[in-house]
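Worksheet: the structure to be examined is printed underneath.
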Amino acid sequence: MGLVGTAAVRDGGAALPHGFWAAVRVWLEKPQVANRRLCGAAIEAEGTVSLGEGGEASRPLAAVWGGGSGGGQEGRAASAGAAELGRLWREVRGQLSAGHGHLPPPLTPWGGPGRRSELRAVLRTLLPRGRPVGPPAPPTKELAVEDVDTGTVTFLPLEENSEGKYQIKKCNIYQIQLTHIKDEEWSVSIVAPFPEDWFSDGIAYPKLAWLGNELLSRLAKWSVEQKPSEFKSTLSLISVAKYSKVYQDLKEKYREMVKVWPEVTDPEKFVYEDVAIAAYLLILWEEERKEKALTKKQSFVDLGCGNGLLVHILNNEGHSGRGIDVRRRKIWDMYGQETHLEESTIMPGDSHLFPDTDWLIGNHSDELTPWIPVIAARSSYSCCYFVLPCCFFDFHGKYSRRQSKKTQYREYLDFVAQVGFVCGFHVEEDCLRIPSTKRVCLIGKNRTYPPTECALIDKQITQYINNRQTCAVVTCDRRVGFNHKDHSDSVCKEADSELPESETDTAGTIWMPGFQPREKVEQIRNCASLPQDFVDDVVLNVANLLLNATPQKSCSNIHGGNTNTWNQGESLSLKEVAEHLNKETLKRLKSEYGGLQTLLKNNHQVFEVLNGRVHIRDWRKEKPSTKTKPEVKRRLSAEAFKTRLCWFFIHHPDGCSLPSESCPYAHGTEELRQSQIIKKKKYIQ
């Protein structure tokens, strides 16, 4: 028949049937979480439709029309959406089963005796992630029809004909069904009436096997494991459809940057991350121009701009602005004169205000992150800000946790949002689509107070900053959307009770004298700068400790028919290893980020650190990667072959576990090759 797949679901927490409809909603609104070849979906129209008398459809009772999320549509658009959905519903029903509106078997029919005569209809457009290879295909539209009584949602693919009318693509109709078996036992199924005619384009419509395996398993899991996320959905403030187009355009335009990237950082991550952030800002700013009837493109300053690529893209796309960073990067010279970048230290104070700038940007701006709302508020009444917090900093140094019930990331986001509220901004939160674990941005583009109250807000900001410095704990636990007036009063009262008169009245040129900006020359504290003889001594001591530990692990070592036992040693916890090192060594290691663990991991040839335990690495057990390495990494591996001496050949009592021809390291100085990697790095610099 047409059964694509069935998944048994056990509901011990009374999540069903509500959890099923929540799972369907995820598939409707965010199909990209299951189908990675999609960028998302734009909900074009949504409303209640009637089965009507004699198979006729009535006008929707309610509908919303729009181009996706983030839009806030006008009443006329909603009315147009209702009319469009009603017309579409009548057309579609007339194409089913000789015009009687019946679904083809084995799909569960809509309605029935004793059931409601209303259904929920959602019209969506599926947005592909990449550009098509050939000529652009028309957008893929679907009408999803939900029937709560029967526990089904039916997906009707639509194709537009030359007359502008939609026809059902019957070969790709499918239905998701929820069935209650007994007690806690349920099942989720996917059914397609014409499986033999199913057309897969590999993007919007994968193969039926994918629906029956991947999609079905996810729907079953989501139905009973729906947990409220502590973060917003991605791209909740802008149109997903617009973002998809702008992102693809920018990605195509700046993809060559990956090939010429001179920094030591991963080019694909940084280039495509900045492209995604630029696409988001361009759409956000376009919407702001429409809302505020602006004709000129917004200006900006990127504080802590790093490699400057975001500034370069925004300048190229017509926005005047500049980037400031404490340290110049090699890539700056590649951008040209149209990209404005400055090497300068930013000290939060009266000398670093930007009264003629529309937007301040803080993209992973570290110690400047909490200061950016403050600088924006004091620069001008019209200045807005965008921050993408990463490392956790307070006004005066590292941020200290105060809410054990929250994740550290969530708590820090709440703190940065709170700063924005104190500064008088309506703070909005969104989640970007970037290759990073820190993807949540905070946006302040509207004020909570009239221009006449600027002096009052400025005093409130000063009090709040000083209070953060003098008080170890601030008990206010505020999330995005709390009452600004109540919070302002509490901050002012706390600060007034604890600060001298002189400190609240004068802000001074520098707002916090104890502020520590990033150092101009970046300190390397990952054990890479330690003297080589010190590192060699630690490696030898730890290796001997593992080799001499009891009981010893011996592995057979077969070379050319001769069987030997190769001592693999014992595994010890990092704590046990540290207890055997002298105090001076430990003190020196503690001054490095990561300490002992980092040093051991850096010496990948000798050690393997897994789950906090240290092992001697046995190179015979190293499995080749199942993934095909990029050409650059393959070339680097070939260039590094036999360029370093084998530690085991020199120091291990049983020698190397591999024969010379199999070991990537040199068995003696006569096998050493000159490294080509060092020459390449010098050439780049």
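The values are calculated or read from the model by the stated rules, or taken from the named source; none is laboratory data. Small disclaimer: the values here were computed from a predicted structure and weren't measured. Note: ideal-geometry Cβ built from the backbone for every residue, glycine included; neighbour counts use all protein chains shown. Note: areas computed on protein heavy atoms with side chains; ligands, DNA, RNA excluded. Shrake-Rupley method; radii C 1.70, N 1.55, O 1.52, S 1.80 Å.
Taken along the Cα-to-beta-carbon direction at a fixed 7 Å, the label points for A549 and C431 span 4.0 nm.
The spacing between the stretch 334-397 and the stretch 273-323, judged by their C-alpha centroids, is 14 Å. Heavy atoms of the protein chains alone define the surface here; on that basis the stretch 294-414 has 37 Å² accessible area per residue at 1.4 Å probe size.
Taking 0.36 nm per residue of separation and subtracting the current Cα-Cα distance, fully stretching the chain between K583 and T265 would add 111.0 nm. Here the gap between S382 and M334, fully extended at 0.36 nm per residue and compared with their Cα-Cα distance, gives a gain of 14.0 nm.
With a point put 7 Å past each Cα toward its Cβ, work out how far R116 is from E184 in nm, to one decimal. Output for this residue pair reads 2.9 nm. Accessible surface calculations at 1.4 Å, restricted to protein heavy atoms, place the stretch 201-271 at 55 Å² per residue. On the basis of the beta-carbon distance and an R0 of 45 Å, Y449 and A83 show a calculated FRET efficiency of 0.60.
Hey, with R₀ at 56 Å, roughly what FRET efficiency would E343 and D654 work out to, going by the Cβ-Cβ distance, to 0.05? With a Förster radius of 56 Å, E is 0.55. Phi-derived couplings, Karplus 6.51 cos²θ - 1.76 cosθ + 1.60 at θ = phi - 60°, listed residue by residue for the stretch 85-96: 5, x, 5, 5, 4, 5, 4, 5, 4, x, 8, 9 Hz, with x used for Gly and Pro. Taking all protein chains together, D333, D358 sort by accessible area into D333, D358, largest first [probe 1.4 Å]. Need one word for the stretch 112-199: rounded, prolate or oblate. Basis is the Cα gyration tensor (sqrt eigenvalues a ≥ b ≥ c); a/c below 1.5 gives rounded, then a/b vs b/c decides. Because a/c hits 1.5 or more and a/b exceeds b/c, the stretch 112-199 counts as prolate. Placing I331, I650 in order of accessible area, with the largest value first and a 1.4 Å probe, yields I650, I331. A crude spin-label estimate for the pair R36 and E256, with each label 7 Å from Cα along the Cβ direction, gives 2.9 nm.
Of the residues K207, K601, ranked by 1.4 Å probe accessible area with the largest first, the sequence reads K207, K601. The stretch between E622 and T565 holds 18.7 nm of extra length on full extension. This uses 0.36 nm per residue minus the Cα-Cα distance.
Distances between placed amide hydrogens fall under 5 Å for L645 paired with A666, all partners being 5 or more residues away or on another chain. Take the Cβ atoms of L540 and E661, set R0 to 30 Å, and the FRET efficiency comes out at 0.70.
In this structure, the amide hydrogen of E46, modeled 1.01 Å from its nitrogen in the peptide plane, lies closer than 5 angstrom to those of V64, L123, counting only residues at least 5 positions away or on a different chain. Each part gets one Cα centre, and for the stretch 417-432 versus the stretch 189-206 those centres are 44 Å apart.
Using a probe radius of 1.4 angstrom, the carbon and sulfur fraction of the accessible surface of the stretch 155-220 is 47%.
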